[in-house]
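Coordinate-derived values only; no laboratory data. What you are looking at is a predicted structure, and each value in this text was computed from that prediction instead of being measured. Ideal geometry is used to build each Cβ from the backbone, glycine not excepted, and the neighbour counts take in all protein chains shown.
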Amino acid sequence: MRVDVDEEGRWAEAVAERFCARLRQRPRLRVCLPTGSTPRGLYAAIAERVAGGQASLAEAEVLLLDEFGGLAPGDPARCATMLARDLLDRLDTPPAAVHRLDPDADDLDAECARYHRVVADGGLDLCLLGIGANGHVGLNEPGSPANAPTRQVALAAATIGAASRYGDGHAAPTWGLTLGMAEILEAREVWLLVSGAHKAAVLAEALEGPVTAALPASLLRSHGRLRVLADEPAAEGLSASLRSRAGDDETVDGGPRHGG
Ligand code: GLP
C-alpha cells in the first residue's frame, strides 16, 4: 500500500496527471471508474487534458463500478448519468468501449454474471474507487467479504442518505448493482480516491483499523498494488508512519496482484 497525500491543494490535478501518465503507458487501459462527488474535479481535469490533446481514452475501455436501481434511465442520480455528464460525454472513448451494469435487466443475476464476464475477459488494469462514509467501496456495503461477487445489493441507510444528494429531490434508491470485492481485488492496480475532511475518520479506520468485512475498504489492504490518493483534509487522521509510505511511481506492469 502506498499513501500519497496532496499537500499543495491540487489533489484533482495531481491525480489527473497520474491517470494520464497511466494512459500514456498503456493506451488500451481497461479502467473501472466510480461516480459520486469525490471524482468530479478529477474527471473535469482529465476531460480538460483530453480536450487539450495531452491525453486520450480513444483506445481505452471504461467499466462503471456500480449502479443504483429503481431510477428511470437518465435520472441524474444514476451512476451512468453522472459519469456521462462528468466525463464520458467529454471524451473520445467510443460508446462500444464503455461497459455498464444494467439495473433494468429482467434477470439481475444474469446481468451480474454477464458483467463479471466482461470484467474477467481481459481483467482490469486499474480500478478507481471512492469510499463511502460507512466504508463501502462501490456498493459493497459493510458485511461484504473479500470474495463477494458482482451482485445486487440492498443499500445501507447511510448510502441511501448520501445517494439522495445526487438526485433531483425524488425518492432515493434503496438497492443497486455493484462490481464485487472479488473483481475489485483482482484488478492489477487499485487507486482509492479520498477527498474532504468528512472522509478522514473512515479513511483512518480503513487503513489503520482491523481488516474486516465490516469495513469493506479495509479489505483493499490485501491488494499488493493499492495506492491511496488523499487530499490533506481526508488524510488528517492518518499516522505519520503511514503517510511516509508515499513513494516513487510504479508502472502497471509486473509484480504481484496481492500480498503487499
Ligand atoms: C456512492 C457510490 C460509490 C462512491 C461512494 C462515495 O454510493 N456508489 O461508487 O464511490 O458512494 O461517494 P461520494 O464520493 O459521493 O462520497
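Compute the distance in nm between two label points, each set 7 Å from the Cα along the Cα-to-Cβ direction, one at His198 and one at Ser241.
The two pseudo-label positions are separated by 3.2 nm.
Sorting check: for 138-146, 96-104, which peptide has the highest mean count of neighbouring beta carbons within 10 Å, and how do the rest follow?
138-146, 96-104
Find the percent of Cα-Cα distances in region 35-187 that exceed 20 Å, and round it to a whole number.
48
At R0 = 51 Å, how high is the FRET efficiency between Asp92 and Gln152 if r is their beta carbon distance? Nearest 0.05 is fine.
According to the calculation, E is roughly 0.95.
Which residue, chosen from Ala148, Ala96, Trp175, occupies the Cα position most advanced towards the positive end of the dipole of the chain, where the dipole is computed from +1 (Lys, Arg) and -1 (Asp, Glu) charges on Cβ about the Cα centre?
Ala148
How far apart, in nm, are two points set 7 Å out from the Cα along the Cα-to-Cβ line at Arg40 and at Ala120?
3.7
Using helices alone, what [θ] at 222 nm do you get for the chain, with -39,500 (n - 2.57) per DSSP H run of 4 or more residues, divided over all residues and rounded to the nearest 500? Could you put the intermediate results ahead of the total?
Details: 8 runs with 74 residues, N = 260.
Roughly -8000 deg cm²/dmol at 222 nm, from the helical runs in the chain.
Could you tell me the largest-minus-smallest coordinate of the C-alpha atoms of region 109-170 on each of the three principal axes, in descending order and whole angstroms?
38, 23, 21
What number comes out for the charge environment of Pro216, summing +1 per Lys or Arg and -1 per Asp or Glu over other residues with Cβ under 12 Å away?
-1
Sort the following peptides by mean Cβ neighbour count (other Cβ atoms within 10 Å, averaged over residues), highest first: 198-209, 125-136.
Working: 198-209: 18.8, 125-136: 23.2.
Listed from highest to lowest mean packing, they are 125-136, 198-209.
Can you check what the net charge comes to around Leu29, using other residues whose Cβ is under 11 Å from the Cβ of Leu29 (Lys, Arg +1; Asp, Glu -1)?
Its environment carries a net charge of +2.
Given the C-alpha centroids of region 119-145 and region 25-56, what is the distance between them in whole angstrom?
If we compute the Cα centre of each part, the gap is 18 Å.
Please give the direction-averaged projected area of the C-alpha convex hull for region 1-109, in square nanometres with one decimal.
Taking the Cα atoms of region 1-109, their convex hull projects to 8.2 nm² on average.
What order, most packed first, do the peptides 114-123, 57-66, 5-14 have when packing is the mean number of other Cβ atoms within 10 Å of each residue?
Put in order of decreasing packing, that is 57-66, 5-14, 114-123.
Counting only Cα atoms, I'd like the Rg/Rh figure for the chain, Kirkwood definition for Rh. List each step's numbers first, then the result.
Details: Rg = 16.9 Å, Rh = 18.2 Å.
With Rh from the inverse mean 1/r over Cα pairs, Rg/Rh is 0.93.
Just rank Ser218, Ser241, fewest to most, by other beta-carbon atoms within 10 angstrom.
Ser241, Ser218
At a 4.7 angstrom Cβ threshold, list every cysteine in the chain that has nobody to pair with, or say none.
Singleton cysteines: Cys20, Cys79, Cys112.
As a test of the definition: which semi-axes, in Å, follow for region 1-43 when you take the square root of five times each eigenvalue of its alpha carbon gyration tensor? Largest first, please.
19, 14, 10
In a solvent-free Debye calculation with one equal scatterer on each Cα, what is log10 I(q)/I(0) for region 174-233 at q = 0.17, 0.18, 0.21, 0.26 Å⁻¹, listed in the order of the q values?
Values, matching the q order: -0.62, -0.69, -0.91, -1.19.
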